[in-house]
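All remarks here apply to the structure that follows.
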Amino acid sequence: MARFLRSPRFLEIALPIAAVLAAFMIGGVLLWLLGANPFEAYWVLLGGAFGSVSALAATLTKMTPLLLVALGICISYRGGVINIGGEGQIIVGALAATAFALWLRDLPGWLLLTLTLLVGALTGAAWGAIAGVLKARLNVNEILSTVMLNAIALQLMNFLLRGPMLDPEQIAAGTNIAQSEALPRTMWLLRLAPPTLLHAGIILALVLAVLVYLLLWRTTIGYRIRTVGLNPSAARYAGMPVPFYVALSLILGGAFAGLAGAVEVAGVQHRMLEGLSGGYGFSGIVAALFGKLHPLGAIPAAFLFGGLLVGANKMQLTVQVPSALITAINGLVVMFVVASEVYVRRARRRTGREAAAASLQSDAAPVTQASTF
């Protein structure tokens with residue numbers, strides 16, 4: 001029993017759960033210091049996220065962009081790069097999708113929606129390609145380049161929403177609220193549970209999670225991406241174009257984040273406005289980490305963190321605590337999950353060494369017995 005509890009397989013399952021519990025325990029201490037009852041606050045959070053049909057619909061709505069971003073993070077990680085640019089890729093994907101839909105608003109709704117989502121994904125891919133090419137050709141650190149691209153995308157959004165893309169109704173009213181014109185109703189994503197905001201984007205995200213799994217583990221391209229991520233030197237020795245697959249990893253990661261922006265525009269906001277990204281680019285990283293950077297594991301992880309985002313709003317209104325506390329808890333979860341992953345890797349190496357030592361002893365035993373005669 002003790003050996004099973006120390007086994008990497010058990011630790012790989014138990015430690016992430018323990019990490020979340022530890023993060024919430026520390027969050028409870030913070031709530032107590034803020035003068036709130038931790039048990040009441042967490043009960044409100046759970047009820048706000050999962051306690052009713054409307055709460056579940058809101059959680060699934062938040063889950064959709066989180067899952068799409070997390071899928072891109074999984075691909076980038078498997079390719080050996082770290083994509084911190086989800087926020088910027090969401091913004092440019094949403095901007096491009098909005099501009100395209102308004103430009104060709106007379107197209108049939110199904111065609112306009114399809115092309116709009118495709119434009120969002122391609123724009124996010126192009127934004128990710130900037131960091132990918134810089135990494136592949138000039139070995140520029142992708143963390144720095146993607147963070148800087150986030151800032152550029154934010155300023156681009158501010159310029160467009162206060163100028164070329166500003167809603168004409170806002171100009172006429174003199175309010176000048178930074179938002180675009182509303183998209184044509186014919187291309188809005190189908191609502192699955194009216195009057196909630198839950199839309200068909202969740203189905204798209206779940207299908208794509210399965211497709212990403214098949215891409216990474218059932219195709220030649222996925223095998224090469226994972227090989228480059230695990231051992232670039234061995235991949236280069238095997239004749240694989242390492243720079244190409246490094247860039248491709250960031251391009252695909254950007255495509256999923258850009259698609260998340262387009263889905264958010266077509267399914268929830270129905271226009272481009274400030275704050276549309278909602279921190280999904282960073283929360284998606286947390287979901288990907290908690291899902292063990294596996295596309296199928298990202299599904300329950302995105303659901304959990306979508307619930308946290310929804311429950312945080314309910315907790316803020318009911319218990320009168322800042323919703324930013326959830327951001328702090330997310331950070332604690334990341335820290336503990338990463339620490340647990342390091343511990344699991346060490347346990348796996350230790351188990352491997354013990355197995356190798358046992359194998360050597362078993363091989364040496366016959367030789368020792370033979371030498372006694």
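Checking the condition in contact (Cβ under 8 Å) with a residue 40 or more places away in the chain and closer than 17 Å to residue 204 by Cα, which residue from 256, 282, 290, 244 passes? First the steps, then the outcome.
Values: 282 fails: closer than 17 Å to residue 204 by Cα; 290 fails: closer than 17 Å to residue 204 by Cα; 244 fails: closer than 17 Å to residue 204 by Cα.
That would be 256, the only listed residue that is in contact (Cβ under 8 Å) with a residue 40 or more places away in the chain and closer than 17 Å to residue 204 by Cα.
Does the range 55-87 hold any residues that are more than 30 Å from residue 240 (Cα to Cα) and not aliphatic (A, V, I, L, M), and which are they? Hits for the range 55-87 are 59, 61, 62, 64, 65, 87. Residues that are not in a helix (DSSP H, G or I) and not hydrophobic (A, V, I, L, M, F, W, C) were ranked within the range 34-54; the one that is surrounded by the most Cβ atoms within 10 Å (Cβ to Cβ) is 51.
Among the residues in the range 72-81, are any of a type in the set (Val, Ile, Thr), crowded, with 18+ Cβ neighbours inside 10 Å and not in a helix (DSSP H, G or I)? Scanning the range 72-81 turns up at least one residue that is of a type in the set (Val, Ile, Thr), crowded, with 18+ Cβ neighbours inside 10 Å and not in a helix (DSSP H, G or I).
Taking the criterion of being closer than 10 Å to residue 254 by Cα and either among the aromatic types (Phe, Trp, Tyr) or under 12 Å from the mean Cα position of the chain (by Cα) (or both), the only residue of the range 90-100 that qualifies is 90.
Whether a residue is more than 23 Å from residue 146 (Cα to Cα), out of contact with any Phe, Trp or Tyr (no Cβ under 6 Å at 6 or more places or on another chain) and part of a helix (DSSP H, G or I) was assessed, and residue 251 does not pass this test.
Considering each of 250, 216, 198 in turn, give the residue that is surrounded by 14 or more Cβ atoms within 10 Å (Cβ to Cβ), under 19 Å from residue 119 (Cα atoms) and modelled with pLDDT of 95 or more. Let's see the steps before the verdict.
Working: 216 fails: under 19 Å from residue 119 (Cα atoms); 198 fails: under 19 Å from residue 119 (Cα atoms).
Answer to the selection: 250.
Among the helices (runs of 4 or more DSSP H) contained in the range 256-373, which hold 1 or more residues that are modelled with pLDDT under 75?
Values: elements: 280-290, 298-319, 324-371.
The helices (runs of 4 or more DSSP H) meeting that bar are 324-371.
Report, by residue number, each residue of the range 15-33 that is among the small types (Gly, Ala, Ser) and farther than 11 Å from residue 337 by Cα. Within the range 15-33, 27, 28 qualify.
Only one of the numbered conditions (1) assigned to a helix (DSSP H, G or I); (2) aliphatic (A, V, I, L, M); (3) farther than 25 Å from residue 228 by Cα is not met by residue 107, and that is (1). Candidates 137, 191, 162, 105: the one that is surrounded by fewer than 16 Cβ atoms within 10 Å (Cβ to Cβ), closer than 27 Å to residue 244 by Cβ and either within 24 Å of the chain's Cα centre (by Cα) or in contact (Cβ under 8 Å) with a residue 12 or more places away in the chain (or both) is 137. The number of residues in the range 24-81 that are in contact (Cβ under 8 Å) with a residue 12 or more places away in the chain, within 21 Å of residue 321 (Cα to Cα) and among the aromatic types (Phe, Trp, Tyr) comes to 3.
Looking at 31, 11, 68, which one is under 21 Å from the mean Cα position of the chain (by Cα) and assigned to a helix (DSSP H, G or I)?
Of 31, 11, 68, the one residue that is under 21 Å from the mean Cα position of the chain (by Cα) and assigned to a helix (DSSP H, G or I) is 68.
Selection within the range 278-320: residues that are within 28 Å of residue 170 (Cα to Cα) and within 12 Å of the chain's Cα centre (by Cα). The member of this set that is surrounded by the most Cβ atoms within 10 Å (Cβ to Cβ) is 280. Taken together, the criteria exclude residue 342 from residues that are of a type outside the set (Phe, Trp, Tyr) and either touching a strand residue (DSSP E or B) at 6+ places or on another chain (Cβ under 6 Å) or within 15 Å of residue 62 (Cα to Cα) (or both). Kindly establish whether residue 90 is within 20 Å of residue 286 (Cα to Cα), in contact with a Gly (Cβ under 8 Å, 6 or more places away or on another chain), part of a helix (DSSP H, G or I) and among the β-branched types (Val, Ile, Thr). When the stated conditions are applied, residue 90 passes them.
The values are calculated or read from the model by the stated rules, or taken from the named source; none is laboratory data. Here the structure is a predicted model, which is why all the values come from computation and not from measurement. Neighbour counts are summed over all protein chains in view; Cβ atoms, including those assigned to glycine, are modelled from backbone coordinates with ideal geometry.
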